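Single-structure report; data block below.
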Amino acid sequence: MKIPAGTVLPFAPWIAPKATLRGVQDITSESALSVIRAAGAGATCDWFEQPVDHKNARLGTWQQLYCVNPQWWAGPGSPVVLMTPGENPITAAINSARGYTYLDNTTMSGAYAQALGAAAVVLEHRYFGGSSPYDGFDSETLQYLTMEQAAADIVAFAQNVTFPFDKNQTSVASKTPWVYWGSSYSATLGSWIEHFKPGVFHAFHLSSASVEVNTDNWYYYDTIRKGIDKYRNDTSCSLALNQVAQYVDSLLLAPTINETKVEALKQFFGATFPIADDDFAYAIATPFRYWQETGGYRDVLEMCDAVVGVNDTVEDKVLGTVPASVVNYAAYFRMNFRDSTCTYFDVWGQEDPLWCLNTHDLLNPFFEARTLGNPWRTWYWLLCNEPLASWATGAPKNQPLSIVSRKIDSHYWQRQCEMHFPPENGQKYGSSKGLTPDTLNKETGGWGRNSTRVIWTSGEFDPWRATSMSSEVRPGGPLPSSDNVAVFLIKNAEHADDAFTARGLANLNMKVNPEVAKVQEQSLQIMKKWVSEALVAHTGA
């Protein structure tokens with residue numbers, strides 16, 4: 001793929017011969033000032049110095065961006081609530097113009113700060129946003145992007161930060177209880193901290209954390225299927241979607257591929273530019289990615305109405321009789337998703353509306369861009385290197401239903417690791433050196449780990465539920481609650497639905513799920529109890 005002249009990209013292809021260590025950051029720079037403006041009045045943003053490698057100080061240091069809101073901080077020795085936006089830049093977590101910010105009570109981290117008399121902190125993750133040791137990302141410079149290093153960043157921050165309102169460091173983690181809030185990958189990282197650095201944070205609320213990673217995470221789409229059935233109160237849509245997947249696979253996975261029919265199928269879905277079979281299979285599955293977005297299940301249910309709405313087949317001169325479900329799904333995809341799929345990455349100027357899904361072209365800027373402006377690259381490194389993997393795939397053949405093509409398998413995703421990260425000066429990503437999800441699970445304890453003062457929450461229809469403590473496939477079933485661990489499986493909820501409070505949802509013009517609100521209130525009471533016990537222990541009162 002060639003990038004047309006004049007194309008505007010959110011990230012530029014990295015062309016430096018070698019990435020360099022970034023210098024000391026300037027809080028008065030325009031990029032830093034934009035973060036400060038997003039944080040709003042009352043919040044303070046600054047840089048915190050971190051080592052590139054917590055095991056080797058000789059590699060130098062870099063600057064990590066954080067913002068803190070002391071609105072509810074009750075004075076010297078008061079608690080702190082911290083969250084990291086994980087694979088997102090800090091602006092995604094603190095910009096109140098979006099209707100919510102993790103610095104105030106539109107979110108649970110802010111609600112905890114208010115309830116506990118604590119400061120609310122958002123700390124940007126290394127290699128995301130503006131917080132990176134290097135200005136270019138390849139297999140050599142990314143060696144220091146690991147969960148271990150990211151966890152060490154957060155621990156060092158909690159133990160050593162000097163807030164502008166607490167010059168005497170009365171609220172560092174050794175002197176007062178710190179609470180960690182996280183959702184999705186941020187929650188997964190929190191579970192790492194709780195397991196490997198116990199005692200630094202007094203308590204955790206981990207929403208939709210993946211604790212037992214896998215290779216073929218076919219449960220992702222199957223959980224969506226179950227949610228569709230529950231919310232529609234019938235199986236007509238999921239059966240129609242299964243019929244679509246079967247029809248597609250009858251051509252893409254046929255013992256002998258009929259290239260003419262395969263090309264006609266792609267044209268039928270509006271894929272007018274050349275696209276590989278596996279990329280096409282994933283392209284027409286992209287509508288389901290909205291399910292895990294806040295309130296996104298409504299988009300999928302709306303699509304369902306269209307898929308089952310009309311029962312008219314179509315006669316195609318190449319394909320023959322096309323089932324009504326395929327006709328309806330293809331029409332909905334062409335109208336609502338084909339042209340918007342790649343604008344999700346805010347890239348303009350590409351003639352092919354599905355350009356970003358071309359995983360066979362090394363010149364695709366999706367692979368070629370190796371700068372801070374391409375967060376997908378650094379996120380994919382974690383999937384390939386740790387490896388977090390858990391690739392969302394079609395259901396295995398022994399399962400009767402699959403709402404997406406079985407052409408989407410773990411090989412499809414794993415193959416892209418090498419596309420993103422070819423060897424650089426002998427350095428490679430972890431899974432190319434033999435690391436597997438099982439390796440990571442043995443290291444962390446997976447589902448079997450012991451936890452102390454952790455609130456685990458998952459949505460009933462969270463696509464990532466199978467990797468959580470509430471997984472139906474966890475040996476012995478979902479983890480039960482105990483004195484020091486609270487486990488909540490939230491009915492009729494999806495991915496990290498407990499992140500936003502009623503106030504935040506109102507700003508987003510979204511209704512409150514009473515099941516979520518109930519768990520949020522229970523969580524607040526549990527956390528207040530745990531923190532008050534710690535404060536008594538700290539003060540001796």
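For every residue, the table says whether it meets (1) part of a loop (DSSP other than H, G, I, E, B); (2) closer than 30 Å to Leu142 by Cβ.
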| residue | (1), (2) |
| --- | --- |
| Asp462 | yes, yes |
| Arg474 | yes, no |
| Gly477 | yes, no |
| Pro480 | yes, no |
| Lys518 | no, no |
| Gln522 | no, no |
| Gln525 | no, no |
| Lys529 | no, no |
| Glu533 | no, no |
Do we have Trp192 as over 21 Å from Glu460 (Cβ atoms), modelled with pLDDT of 95 or more and among the hydrophobic types (A, V, I, L, M, F, W, C) here?
-> yes
Say whether the condition of being closer than 24 Å to Thr44 by Cβ and crowded, with 20+ Cβ neighbours inside 10 Å is met by at least one residue in segment 141-150.
-> yes
Does Leu239 satisfy being assigned by TED's automatic domain parsing to the domain that holds Ala331 and in contact with a helix residue (DSSP H, G or I) (Cβ under 7 Å, 6 or more places away or on another chain)?
-> no
Please go through segment 308-334 and pick out each residue that is in a loop (DSSP other than H, G, I, E, B) and among the basic types (Lys, Arg).
-> Lys317
Which residue out of Asn328, Asn336, Asn311, Asn364 is touching a helix residue (DSSP H, G or I) at 6+ places or on another chain (Cβ under 8 Å), assigned by TED's automatic domain parsing to the domain that holds Ala240 and buried (at least 21 other Cβ atoms within 10 Å of the Cβ)?
-> Asn328
Does Ala254 meet the test of being of a type outside the set (Val, Ile, Thr), modelled with pLDDT of 95 or more and more than 20 Å from Leu354 (Cβ to Cβ)?
-> yes
Checked segment 480-494 for anything in contact with a helix residue (DSSP H, G or I) (Cβ under 7 Å, 6 or more places away or on another chain) and aliphatic (A, V, I, L, M); matches are Ala486, Ile490, Ala493
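Residues checked against (1) touching a residue at least 24 places away in the same chain (Cβ under 8 Å); (2) over 23 Å from the mean Cα position of the chain (by Cα); (3) under 26 Å from Asp316 (Cβ atoms):
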position: Ala264; (1), (2), (3): yes, yes, yes
position: Gln267; (1), (2), (3): no, yes, yes
position: Pro274; (1), (2), (3): no, yes, yes
position: Pro287; (1), (2), (3): yes, no, yes
position: Asp299; (1), (2), (3): no, no, no
Scanning segment 161-214 residue by residue, those of a type in the set (Val, Ile, Thr), in a loop (DSSP other than H, G, I, E, B) and over 30 Å from Thr436 (Cβ atoms) turn out to be Val161, Thr162, Thr170, Val172, Thr176
Quick one: which residue in Gly434, Gly430 is within 23 Å of the chain's Cα centre (by Cα) and either surrounded by 17 or more Cβ atoms within 10 Å (Cβ to Cβ) or of a type outside the set (Ser, Thr, Tyr) (or both)?
-> Gly430
Checking Phe288 against (1) at pLDDT 95 or above; (2) within 17 Å of Arg334 (Cα to Cα); (3) not in a helix (DSSP H, G or I), which single condition isn't satisfied?
-> (3)
Going by the structure shown, is Val155 in contact with a Cys (Cβ under 8 Å, 6 or more places away or on another chain) and farther than 17 Å from Arg377 by Cβ?
-> no
Ala156 versus (1) surrounded by fewer than 23 Cβ atoms within 10 Å (Cβ to Cβ); (2) in a loop (DSSP other than H, G, I, E, B): which is the lone unmet condition?
-> (2)
Output for segment 96-130, where each listed residue is farther than 10 Å from Val81 by Cα and part of a strand (DSSP E or B) | Thr107, Leu123, Phe128
Segment 332-355 - residue that is more than 23 Å from the chain's Cα centre (by Cα) and polar (S, T, N, Q) and, of those, modelled with the highest pLDDT | Asn336
Hey, can you tell me all the residues within segment 64-90 that are on the phi > 0 side of the Ramachandran plot and either more than 28 Å from the chain's Cα centre (by Cα) or assigned to a strand (DSSP E or B) (or both)?
-> Gly75, Gly77
Is it true that some residue in segment 39-50 is modelled with pLDDT of 95 or more and either polar (S, T, N, Q) or buried (at least 20 other Cβ atoms within 10 Å of the Cβ) (or both)?
-> yes
List every residue pair whose Cβ atoms sit under 7 Å apart, with the two residues 6 or more apart in sequence or on different chains, where the first one lies in segment 154-175 and is assigned by TED's automatic domain parsing to the domain that holds Val52 and closer than 24 Å to Leu189 by Cβ and the second, anywhere, is aromatic (Phe, Trp, Tyr) and surrounded by fewer than 21 Cβ atoms within 10 Å (Cβ to Cβ).
-> Phe157/Phe48; Val161/Phe48; Ser171/Phe163
Residues satisfying the stated conditions in segment 67-104, i.e. in contact (Cβ under 8 Å) with a residue 60 or more places away in the chain and crowded, with 24+ Cβ neighbours inside 10 Å = Val68, Pro79, Val80, Val81, Leu82, Met83, Thr84, Tyr100, Thr101, Tyr102, Leu103
Hey, can you tell me all the residues within segment 244-271 that are assigned to a loop (DSSP other than H, G, I, E, B) and closer than 14 Å to Ala283 by Cβ?
-> Phe269, Gly270, Ala271
Within segment 402-416, can one find any residue that is surrounded by 21 or more Cβ atoms within 10 Å (Cβ to Cβ) and touching a strand residue (DSSP E or B) at 6+ places or on another chain (Cβ under 6 Å)?
-> yes
What number of residues within segment 351-373 are among the hydrophobic types (A, V, I, L, M, F, W, C) and part of a loop (DSSP other than H, G, I, E, B)?
-> 5
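The values are calculated or read from the model by the stated rules, or taken from the named source; none is laboratory data. Here the structure is a predicted model, which means the values were calculated and not measured. As a convention, Cβ positions derive from the backbone with ideal geometry for all residues, glycine included, and neighbour counts pool all protein chains shown.
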